[in-house]
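What follows draws every value from the coordinates through simple rules; no lab data is involved. Because the structure is predicted, anything quoted here is derived from the model rather than measured. Cβ: placed from backbone, ideal geometry, glycine included. Neighbour counts: every protein chain shown.
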Amino acid sequence: MDKRVEQALAYHKKGYNCAQAVACTFADELGRDEKEVFQLMEAFGFGMGMMGTCGAVSGMSAVVGMKESDGNLDKPATKKNSYRVSKELIRRFEEKNGSIICRQIKGVDTKKVLRSCNGCIEDAVVFLEAYLNGEYDAIFEEQKAKEAAKAAAAKAKAEAAKAEAEAAKAATAVKAEADKEAENV
């Protein structure tokens with residue numbers, strides 16, 4: 001098992017919530033005080049205390065923010081990239097686990113547990129390590145290209161619909177003109 005995964009699971013066993021276990025595992029790498037990260041993440045455990053967004057997912061997003069943010073209080077310029085990275089990591093987490101909602105993951109309503117808390121913590125740490133090691137750069141570029149292609153396809157579809165509507169309008173006008181001429185004959 002990976003060293004960071006072992007550390008995160010040890011934190012969880014020690015009593016850290018899922019968000020704290022994930023975020024505190026990367027505090028040293030991000031140059032952050034572990035106690036401060038622990039305190040900041042406390043209310044994010046247990047799905048923000050109400051079985052909402054999984055604590056491991058919240059911890060994962062917090063690490064992305066700590067890594068990506070420029071910390072510029074006067075003119076923040078890094079939010080878009082933080083959102084992009086977080087979105088991709090959350091997408092991967094949801095794809096693997098079937099949900100990002102604690103209540104669903106724990107099977108509270110369905111009695112079907114999708115993943116244990118330790119499993120969620122492990123996944124978040126593995127995804128973060130890959131991201132921090134630069135292994136997702138090509139994937140992010142691929143995702144960006146897919147989004148651009150999707151936007152281009154939507155634009156082409158809208159333009160085709162507009163052209164079709166204009167053609168129908170022109171055909172109606174031609175038919176009306178032809179009907180008018182037929183009446184005059």
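The listed residues are 55, 15, 71, 49, and the only one of them that is more than 20 Å from residue 133 (Cβ to Cβ) and crowded, with 18+ Cβ neighbours inside 10 Å turns out to be 55.
The helices (runs of 4 or more DSSP H) found entirely in the stretch 69-185 that carry 3 or more residues being under 20 Å from the mean Cα position of the chain (by Cα) and hydroxyl-bearing (Ser, Thr, Tyr) are 79-97. Would you call residue 61 of a type in the set (S, T, N, Q) and part of a helix (DSSP H, G or I)? Considered against the rule, which asks whether it is of a type in the set (S, T, N, Q) and part of a helix (DSSP H, G or I), residue 61 comes out as yes.
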